[in-house]
Amino acid sequence: MRKVLIILLIFLSLCSTQRIKKEKLWREDIIYTNEGEKYKCEILEITEDSIYAVTELGLVAFFRKDLISFDIAKKRREGLWVTSEDITDSLLKEALAIDMPGYEQMAYVNIWTKKKLTILTDSSYIYSIRIIRKVMLEKGRGAGTIIVNYRKNDEEIVISFARTVTDDGRVLHLREAAIEDISIYSQFPPYENLHERKFTMREVRLGNILDFNVIVSGKITDESPYIMDVTLGDSTPTLSGMIEVVAPRDFELSWQQWRIETPEIRRGYGIKILQWRVDDLPPLMLESDSVPPPYILPRVVVGLADGWGKVVRRFRENLRGDYTPKAISPQEIYEEVLSFVRFVEVPSFTISSYPKNIKEIENNCIANSLDKAHLLYAAFRNAGYPVDLILVRSKERGVVALNVPSLFQFDGALVAVGETFLDPSSEDNPYGWVRPKYQGTKGLSIKRKGFVTIPSKKME
């Protein structure tokens, strides 16, 4: 019996417009098992005890103890493509053949966009994004500069490929020198986790096709309860787009969608697949005072099933430490905490879903919204005031997906003393003032174990 745990089968999907028929992967890595079996595959991830790879059977997890060895090809076959005649990827070949009348005035056009989440049986996840786009005007050169964010301490990122097919048939592959990795919050060491992987594709010019695929992998845990929260579309048209989730069949999922049809759900050998599709998505026209994209574009949020009550209970269990204020009145306590540690604008989901220990916050002398709210919450609680801690989400990120319980949805926190909401972030925030980014939004009350509406209030 093969000592291989088959987790998922990869289904090749048809685009409803028939513009893009299917996706085919070349597999040149090789895995050798103790039983003498040889698998040609594409290795996606290597962990301490397992190797995840795409084989003809689908996505498979090999236990390393059951393997003799494995070989990773020095060059993927795609890396050997020199001209368009060498291309074997059916998606890219069909994209090259598409005629696009009517789009001549667009900077570029997304021919195909696919955002995919694969959840494995050990709750590891692989998120990938593939985009094929064509440059229509010289002002579309920015289409070749790609930025993907990831959490360096929790995730790994791989650029599977990034290639330009020129109008005269040359295939130009990404150069190592064109890749940058930047720490977004390096100036705040206690909160240094979010990075951006940036790369610039070659010869982004009129008539050229750009094709890239990026993979981000990690593991869903209590401290990092990852969910996929994505939109389709941008400032240019999208001809065909898909959001796909693949998970073990016995895993319960929760999801919510906006401005897109409900998913097609299929079940295979031990897996289930959810697919959302869009076609002919118009460009998003943004003005300086316009509504943020998550309120306009098709949006899907997916995660492992949970309950808000359980989420709150785990959060409360991770509130550690005490702080006894010197001040007595609520306003004086607020002002004491506000001046005690300096605020840094770092979203909480980029670090941890739980606040730091009070002692660590004091020692750091800086705190993001969640940690500073935790400090103020502890101060009011020790002073004997009725207090509540409320987790909040910025307006620009879209509304909270109430059907998908997860702390990963929030980026900050407020404190409520009686009926007064406090935003202990900037040292200039008046008592009772909440920043506009949170006014009118839904916040998760730790005390009530449910949602409350953050009041709107004009600055006096």
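Values in this text are rule-based calculations from the coordinates and carry no lab data. The structure displayed is predicted, hence computed values, not measured ones. Methodologically, a virtual Cβ is constructed for each residue, glycine included, from the backbone with ideal geometry; neighbour enumeration extends over all protein chains shown.
In table form, for the structure just shown:
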| quantity | calculated |
| --- | --- |
| Compactness index (Cα Rg / 2.2 N^0.38 Å), segment 309-453 | 0.95 |
| nm² value of the averaged projected area, convex hull over the Cα atoms of segment 363-403 | 4.5 |
| Packing rank of 102-113, 411-422, where each peptide gets the mean count of other beta carbons within 10 Å, highest leading | 411-422, 102-113 |
| The chain: relative contact order as a whole-number percent, Cα under 8 Å and 6+ apart | 12 |
| Protection-proxy order for peptides 317-324, 366-373, each taking the mean of Cβ atoms within 10 Å per residue, highest first | 366-373, 317-324 |
| Spacing of the two label points (7 Å from each Cα toward its C-beta) at Thr262 and Glu85, in nm | 5.2 |
| Packing-based order for 338-344, 382-388, using average beta carbon neighbours within 10 Å, highest first | 338-344, 382-388 |
| Share of Cα-Cα pairs in the chain lying beyond 44 Å, as whole percent | 20 |
| For segment 302-460, with +1 on Lys and Arg beta carbons and -1 on Asp and Glu, the positive-most of Val417, Gly398, Ser369 along the dipole | Gly398 |
| For segment 77-305, alpha-carbon Rg relative to the globular expectation (2.2 N^0.38 Å, N residues) | 1.06 |
| Value at 222 nm in deg cm²/dmol, rounded to 500, when DSSP H runs of n ≥ 4 in the chain each add -39,500 (n - 2.57) | -3000 deg cm²/dmol |
| Size of charge dipole - the chain - debye, nearest 20, with Cβ of Lys, Arg +1 and Asp, Glu -1, no other charges | 800 |
